[in-house]
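Only one structure is covered here, and it is reproduced in the block below.
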Amino acid sequence: MVTRIRHDVLDDLTGESNATTRTYSIDGQHYEIDLVDANWVELQECMAKFTAVSRRRGVKRAAAAERSTKGASAENARIREWARASGIEVPERGRIPQKIREAYAAAN
């Protein structure tokens, strides 16, 4: 016997199925809404005359922050690996103590 579970996202405006969760921001407030493609296009078209003359903000900063986070995660993984190989107890998750970071920097 096969059991199939289907997760269907419904459009917040019309109740139609196969909606996609979309995000947008106005005045620094972030919003999330589930819309089918046609309703998302309608929302974009309503905003088009305003977005056409608007300046984009934060796109580069968000991408840089993501790269920085990924870089920090990779660095933390290297520090943890080095510490374990050196017989130093290091937490699996969370902050790495500054003493361990300094020891890693001195050794590398």
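What follows is calculated from the coordinates using simple rules that are stated; it is not laboratory data. It should be emphasised that the depicted structure is a prediction, and the values quoted were computed from it without experimental measurement. When we count neighbours, we look across all protein chains shown, and the Cβ atoms used for this are built from the backbone with ideal geometry, even at glycine.
General remarks:
- Averaged over residues, the count of other Cβ atoms within 10 Å places the peptides 34-46, 77-89 in the sequence 34-46, 77-89, highest first.
- Furthest towards positive pole of dipole, 44, 7, 20, structure part segment 1-54, Cβ charges: 7
- If you take the alpha carbon atoms of segment 1-55 and fit the smallest convex hull around them, that volume is 101 Å³ per residue.
- Rounded to the nearest whole Hz, the Karplus-based 3J(HN,Hα) values (6.51 cos²θ - 1.76 cosθ + 1.60, θ = phi - 60°) of segment 88-105 follow the sequence 9, 6, 9, x, 5, 9, x, 5, 9, x, 4, 4, 5, 4, 5, 5, 4, 4, with x at glycine and proline.
- Computed label-point distance, nm, for sites residue 54 and residue 33 using a 7 Å Cα→Cβ extension: 1.2
- Between residue 73 and residue 26, the modelled labels are 3.3 nm apart [label points 7 Å from Cα along Cα→Cβ].
- Lys, Arg +1 and Asp, Glu -1 on Cβ, resulting dipole of segment 1-54 about Cα centre, debye, nearest 20: 180
- Amide H contacts of residue 34 (H built 1.01 Å from N, under 5 Å, at least 5 apart or other chain): 12, 22
- Note on residue 102 and residue 82: the model spin-label points, each 7 Å out from Cα along the C-beta direction, lie 1.5 nm apart.
- Using bins of 5 Å that start at zero, the share of Cα-Cα pairs per bin across the chain amounts to 2, 9, 12, 11, 9, 8, 9, 9, 10, 10, 7, 3, 0, in whole %.
- Once the Cα-Cα distance is subtracted from the 0.36 nm per residue extended length, the residue 47 to residue 6 segment shows a gain of 11.4 nm.
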